[in-house]
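Notes follow the structure.
The values are calculated or read from the model by the stated rules, or taken from the named source; none is laboratory data. These numbers were taken from a predicted model, which means no experiment stands behind them. Note: ideal-geometry Cβ built from the backbone for every residue, glycine included; neighbour counts use all protein chains shown. Heads up: the accessible areas ignore ligands, DNA and RNA and are worked out on the full protein's heavy atoms, side chains in. Shrake-Rupley method; radii C 1.70, N 1.55, O 1.52, S 1.80 Å.
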Amino acid sequence: MSDCTIGDHEIGDDSPTFVIAEAGSNHNGDLELAKELIDAAADAGADAVKFQTFRADDLYVEDSGEVEYLDDERRIYDIIESMEMPYEWIPELHEYCRSRDLYFMSTPFDERSAEELSEYVPAWKVAIYTSSHHPFLRHLAESDKPVIMSTGAHEMGEIRESVGVLREAGCEELALLQCVAAYPTPIEDVNVRVIETLRSEFDVPAGLSDHTLDPTVAPAAAVALGASVVEKHFTLDKTMEGPDHQFALEPDELDQMVSAIRATESALGTGEKRVLDVEEELFEKARRSIHAVEEITAGTEITEDNVAVLRPGERESGLHPKFYDELLGTVADRRIPEGKGVDWEDVER
């Protein structure tokens, strides 16, 4: 699989999942609120916090009408314009993220915003509705930064085209995220198995940009299927004004998500099957072996009546059960006390 590195963090099968706390535009135009979001992401144990950088006049025509899912009577152009993050925040937010041991990221939606961000982000995040914008993909690829691209609302053929455009333009480090363009996404539609499809099809790290309301189910399932990156929106309070708050996680839920991801990673283990240290006591006390069920005197034949396959508890184990049939019919070479584990040295062979 192709390598991908975000700052000092290796993205791939043998590395911890890279967790992106998506602050988006939930700063509501307030720099201090943006910093509080960074604090919440750091406290939850995320690896990066990501905002969105755009300008309305680079996204929508002015007479663009309304969008039903936002439940806002304003024109979508006006809504987007109200959500713009000032460019002058970028250096300060970058520095504040660094002070909290987080990577600062922000999704650019246009060339102008990408130029403002270029000095401050370790990788590009390509949003759903930009992932088929081939001229913009070429522009990002020319910067030599890694690219993390969401794939929602696109067919596999379109994704192949976009990946081809990025590769041809020089993008060497790429990760793809399964994503569903529904806010929120019903849990039955999240389709985390696409992560396996993307990884297999493109031989790149793959992950999940999750828009479900549940903080743990889809992220944990994604990690279990090999997600290298998990991204999820969060806010300080779902009841705040703004289009992205209601489907975002609150800080305690973000903490639950990160904890579930790390616990899932731990549960997955190494794949090597062996007897573990935590199994040692029961390995010794509960695995069955062959024991005398009555005192056996020297010269007595070993039969089903005087030996059985039992758990030893505190007693020393006898022969492995696989030798039971071979042991039957032998003759005791010495006295075998009741309960003793029977060994080959106890019988004539």
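Looking only at region 281-304, decide whether some residue is at pLDDT 95 or above, exposed (fewer than 12 other Cβ atoms within 10 Å of the Cβ) and part of a helix (DSSP H, G or I). Within region 281-304, one or more residues are at pLDDT 95 or above, exposed (fewer than 12 other Cβ atoms within 10 Å of the Cβ) and part of a helix (DSSP H, G or I).
Residues are listed down the side, and each one gets a yes or a no for (1) open to solvent by less than 10 Å² (accessible area, probe 1.4 Å); (2) in a helix (DSSP H, G or I):
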site	(1), (2)
136	yes, yes
149	yes, no
176	yes, no
184	no, no
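All but one of (1) loosely packed, with under 11 Cβ neighbours inside 10 Å; (2) touching a helix residue (DSSP H, G or I) at 6+ places or on another chain (Cβ under 6 Å); (3) acidic (Asp, Glu) hold for residue 255, so report the exception by its number. Only one criterion is unmet by residue 255, namely (1). Close Cβ contacts (under 6 Å, 6 or more residues apart or on different chains) running from residues in region 269-295 that are closer than 30 Å to residue 16 by Cβ to residues that are surrounded by 13 or more Cβ atoms within 10 Å (Cβ to Cβ) comprise 275/283. Applying the set (1) open to solvent by less than 50 Å² (accessible area, probe 1.4 Å); (2) of a type in the set (D, E, K, R); (3) part of a loop (DSSP other than H, G, I, E, B) to residue 237 leaves exactly one unmet item: (1).
Beta carbons closer than 8 Å, at least 6 apart along the sequence or on distinct chains, pair a first residue in region 82-100 that is under 12 Å from residue 113 (Cβ atoms) with a second that is in a helix (DSSP H, G or I) and open to solvent by 60 Å² or more (accessible area, probe 1.4 Å) for 87/116; 90/116. Confirm whether residue 266 is among the hydroxyl-bearing types (Ser, Thr, Tyr) and surrounded by 13 or more Cβ atoms within 10 Å (Cβ to Cβ). In short, no. Answer yes or no as to whether residue 247 is open to solvent by less than 60 Å² (accessible area, probe 1.4 Å) and out of contact with any Asp or Glu (no Cβ under 6 Å at 6 or more places or on another chain). Answer is yes for this residue.
Report yes if some residue within region 250-260 is closer than 26 Å to residue 13 by Cα and modelled with pLDDT under 95; otherwise report no. No, region 250-260 contains no residue that is closer than 26 Å to residue 13 by Cα and modelled with pLDDT under 95. Within region 311-349, the set of residues being more than 23 Å from residue 286 (Cβ to Cβ) and assigned to a loop (DSSP other than H, G, I, E, B) comprises 328, 329, 330, 333, 334, 335, 349. Of the numbered criteria (1) more than 23 Å from residue 262 (Cα to Cα); (2) open to solvent by 20 Å² or more (accessible area, probe 1.4 Å); (3) touching a Phe, Trp or Tyr at 6+ places or on another chain (Cβ under 8 Å), the one residue 9 fails is (1).
Conditions (1) open to solvent by 70 Å² or more (accessible area, probe 1.4 Å); (2) modelled with pLDDT under 80; (3) part of a strand (DSSP E or B); (4) of a type in the set (Asp, Glu), marked per residue:
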| position | (1), (2), (3), (4) |
| --- | --- |
| 38 | no, no, no, no |
| 51 | no, no, yes, no |
| 63 | yes, yes, no, yes |
| 74 | yes, yes, no, no |
| 106 | no, no, yes, no |
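The set of residues in region 211-227 being open to solvent by less than 20 Å² (accessible area, probe 1.4 Å) and out of contact with any Asp or Glu (no Cβ under 7 Å at 6 or more places or on another chain) consists of 211, 212, 222, 227.
In region 13-24, what residues are in contact (Cβ under 8 Å) with a residue 24 or more places away in the chain and either open to solvent by 10 Å² or more (accessible area, probe 1.4 Å) or part of a strand (DSSP E or B) (or both)?
Restricting attention to region 13-24, the residues satisfying the condition of being in contact (Cβ under 8 Å) with a residue 24 or more places away in the chain are 13, 15-24.
Result: 13, 15, 16, 18, 19, 20, 21, 22, 23, 24.
Scanning region 121-134 for residues being surrounded by fewer than 21 Cβ atoms within 10 Å (Cβ to Cβ) and more than 17 Å from residue 55 (Cβ to Cβ) gives a total of 4.
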